[in-house]
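To start, the structure itself, in structure tokens.
The values are calculated or read from the model by the stated rules, or taken from the named source; none is laboratory data. Fair warning: this is a prediction, and the values are worked out from it, not measured in the lab. Every residue, glycine among them, receives a Cβ derived from its backbone with ideal geometry; neighbour counts consider all protein chains shown. Quick note on the areas: whole protein, heavy atoms, side chains included, nothing else; ligands and nucleic acids left out. Shrake-Rupley method; radii C 1.70, N 1.55, O 1.52, S 1.80 Å.
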Amino acid sequence: MLKRNYFLFGTLLLVGLLLSTLTGCQIQNQATTVPTKTIVDCLNREVEIPADPQRVACLYASTAHIMTMLGQEAKIVGIPNGIKRDVLMSYKRPDIGSVSVPFNDGAINIEELLATNTDLVLLRKSTAENAGEIEKLDKAGIPWVVIDYASLDDLQKAIAVTGTVFNQEQRAADYNAALQQTLTLISERVSSLPESARPRVYHAVNEAARTDLAGDLCSQITDAAGIINVSTQGGSLITDAEKTMTTLEQIYSWDPDAIIANDIIASNYMLSDPKWSGLRAVAEQRVTTLPVGVTRWGHPGSMEPHMAALFIAMTFYPELFADVDLTQTVKDHYQQWFELTLTDADVATILSGEGMRLAK
């Protein structure tokens, strides 16, 4: 009888301990539950995310740039490898070289991503449309938000959405307002130019034969600058989800008055390769490399398209912008939006398009 009572007492004690443990765990879990909020991303998805994300993996380079403009660069724990080549990003994050790279060649390394202990992933539309990649995130229980753009309107939406993600709605709105203000200034000065006064320009996007498609961000930059973008005037173009390519023969057919290029390597190639020497723009050395700042100003992923438009307009219509101090404008831009104090030499390097993006 005594043994039976001991057994019963032991059983009740064990049950009590279990209940106490479970209750304690429940209380602990409730205490450590992260507050959430629901936002609408660039694909118009309603997404539940941490109310104040602290560890963010940027699987699209532009998301890291936008986060930095919003003052959130310290929260970045994962990046594409290309971000490590951005010199101004290294000014903001001196440890950028050691930040995890959980995304390469369009594929998520889920083990690497999990090791960063991220609480939010920012990615582009093409990744979101890849069921296999999204399955990795969903199985890991990591919330993800699409931040992507292909036009000026899309860019401003992407900045606004990112502002909402990080509770920086006002700063995002202010940046968009500044962007629009610059575009309006340019428009006021170039809109009345007759077509005969506008140069016909070829834009090389990173590669010599990669160019613009009518309606994309790059073509909107050139339109805003008041030049004629020959690539949007008809001709041989091959377009896929990522690039619009043309041919040297087509460029000869366009015979542009000038060439602008996003990459100094492309500029040097066109100026030195004999196959390009027959073009008037090349023969007359009218090949200009667009600036590189936090982003490559004239790139499809640029978050500084208004700066590119201003630079292009001032390059081709200097008399219309004689009152604009471009060096000071660039200094003000980076001081206000990236808290970077630049020297004249820094600005000269940015405007040259050389030296602000490290070689692969």
Options 113, 88; residue that is open to solvent by less than 20 Å² (accessible area, probe 1.4 Å), modelled with pLDDT of 95 or more, more than 21 Å from residue 172 (Cα to Cα) and not in a strand (DSSP E or B): 113
The stretch 303-360: number of residues that are buried (at least 18 other Cβ atoms within 10 Å of the Cβ), part of a loop (DSSP other than H, G, I, E, B) and among the aliphatic types (A, V, I, L, M): 3
Whichever residue in the stretch 217-250 is open to solvent by 40 Å² or more (accessible area, probe 1.4 Å) and within 19 Å of residue 310 (Cα to Cα) and, among such residues, is farthest from the chain's Cα centre (by Cα): 223
Residue 189 being basic (Lys, Arg), out of contact with any strand residue (DSSP E or B) (no Cβ under 6 Å at 6 or more places or on another chain) and within 30 Å of residue 34 (Cα to Cα): no
Test set (1) open to solvent by 50 Å² or more (accessible area, probe 1.4 Å); (2) part of a loop (DSSP other than H, G, I, E, B) - residue 299 fails condition number: (1)
Residue 159, sole failed condition from (1) in a helix (DSSP H, G or I); (2) touching a strand residue (DSSP E or B) at 6+ places or on another chain (Cβ under 8 Å); (3) hydrophobic (A, V, I, L, M, F, W, C): (2)
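Is it the case that some residue within the stretch 221-228 is part of a loop (DSSP other than H, G, I, E, B) and on the phi < 0 side of the Ramachandran plot?
Initially, the stretch 221-228 is screened for residues part of a loop (DSSP other than H, G, I, E, B), giving 226-227.
With on the phi < 0 side of the Ramachandran plot added as a condition, the list becomes 227.
Yes.
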Qualifying residue in the stretch 234-250 (condition: at pLDDT 95 or above and at positive phi): no
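Can you name the residue in the stretch 157-179 that is in contact (Cβ under 8 Å) with a residue 24 or more places away in the chain and open to solvent by 60 Å² or more (accessible area, probe 1.4 Å) and, of all such residues, is nearest to residue 305 (Cα to Cα)?
First pass over the stretch 157-179, keeping only residues in contact (Cβ under 8 Å) with a residue 24 or more places away in the chain: 157-159, 161-168, 171-172, 175, 178-179.
Adding the requirement that they be open to solvent by 60 Å² or more (accessible area, probe 1.4 Å) leaves 157, 167, 171.
Numbers: 157: 14, 167: 24, 171: 18 Å.
For the stretch 157-179, the residue satisfying everything is 157.
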Verdict on residue 131 being of a type in the set (Gly, Ala, Ser), free of Cβ contacts under 8 Å to residues at least 60 places away in the same chain, open to solvent by 20 Å² or more (accessible area, probe 1.4 Å) and out of contact with any His (no Cβ under 6 Å at 6 or more places or on another chain): yes
Pairs with Cβ under 9 Å, 6+ apart, first in the stretch 60-73 and touching a residue at least 60 places away in the same chain (Cβ under 8 Å) and of a type in the set (A, V, I, L, M), second in a helix (DSSP H, G or I) and open to solvent by 10 Å² or more (accessible area, probe 1.4 Å): 61/82; 67/73; 67/75; 69/171; 69/337; 70/171
